Amino acid sequence: MKHKLILCLVCCLLLMRTAHAQWIVTDPVNLAGNIANTIKEIATASKTVNNTLSNFKEVEKLYNDTKRYYDALKKVNNLIGDAYKVKETILMVGDMTEMYVGAYKKMLSDPNYSPEELSAMAAGYAKLMERSSESLKELKSLVRSGALSMNDKERIELIDRIYNEVKEYRAATSYFTRKNISVSFVRAAKKGEMARVNALYGSADNHYW
């Protein structure tokens, strides 16, 4: 019964609107796997960003291509137990990617970072993306075959482990983003450029990381 709940979760992503048409997710069991593959592509693309906004466009495009999945998943309500944690795990990966894409794009236009620092930041985000991708692939494998190879207790424990794993990755992404941006604020304060940095990243009340 619990395995059916998990399958129902992804099946709830039936109708999603684009700007011009309505379409259907025809293979819902692959949702986590499809997102995992895109996150892996984002991680790979991040390693070749080369500190320019033009090179970062590929990363941004990959994120925008999967954002519709996250947006539709947020609308799924009344889930309990295993199904709820599957949903939240996928959404946390979406949060991680949003933090990275949103913040790093701004960092690329921030003169308070050196090219070497930007490369190191991209590498850090890439590592977090890769780890979350592996967790989603494991989740996909569980959704597809868990009922055949595991009992309820084993499946619940595995879902809990993956959920907690991704929760840690999300927290690490948030911390990494805050620490990186704090460097710019410190340097801006020394140069008397706080207004410019506040305009770039927003006030503390508006921070999304």
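Going through Lys4, Lys40 one at a time, which residue ends up being open to solvent by 20 Å² or more (accessible area, probe 1.4 Å), outside any loop (DSSP other than H, G, I, E, B) and modelled with pLDDT of 80 or more?
Lys40
Give the residues of segment 197-209 that are at pLDDT 90 or above and surrounded by 15 or more Cβ atoms within 10 Å (Cβ to Cβ), sorted by residue number. Can you show your working first?
To start, the set of residues in segment 197-209 that are at pLDDT 90 or above comprises 197-201.
If the condition is that a residue be at pLDDT 90 or above and surrounded by 15 or more Cβ atoms within 10 Å (Cβ to Cβ), then Val197, Leu200, Tyr201 are the ones that fit.
Would you tally the residues in segment 99-114 being touching an Asp or Glu at 6+ places or on another chain (Cβ under 7 Å) and surrounded by fewer than 18 Cβ atoms within 10 Å (Cβ to Cβ)?
1
Of all residues being touching a helix residue (DSSP H, G or I) at 6+ places or on another chain (Cβ under 9 Å) and open to solvent by 60 Å² or more (accessible area, probe 1.4 Å) in segment 151-160, which is farthest from Glu138 (Cα to Cα)? Just the residue, please.
From segment 151-160, those touching a helix residue (DSSP H, G or I) at 6+ places or on another chain (Cβ under 9 Å) are 152, 154-156, 158-160; that's our starting set.
Next, only the ones that are open to solvent by 60 Å² or more (accessible area, probe 1.4 Å) stay: 152, 154.
Numbers: Asp152: 17, Glu154: 14 Å.
Only one residue tops the list, namely Asp152.
Pick out the one residue from Val86, Val93, Val59, Val76 that is part of a loop (DSSP other than H, G, I, E, B) and open to solvent by less than 20 Å² (accessible area, probe 1.4 Å).
That would be Val76, the only listed residue that is part of a loop (DSSP other than H, G, I, E, B) and open to solvent by less than 20 Å² (accessible area, probe 1.4 Å).
The values are calculated or read from the model by the stated rules, or taken from the named source; none is laboratory data. If you're wondering where the values come from, they're calculated on a predicted model, not measured in any experiment. Positions of Cβ are backbone-derived with ideal geometry, glycine not excepted, and every protein chain shown enters the neighbour counts. These area figures cover heavy atoms from the full protein model, side chains too; ligands, DNA and RNA do not enter into them. Shrake-Rupley method; radii C 1.70, N 1.55, O 1.52, S 1.80 Å.
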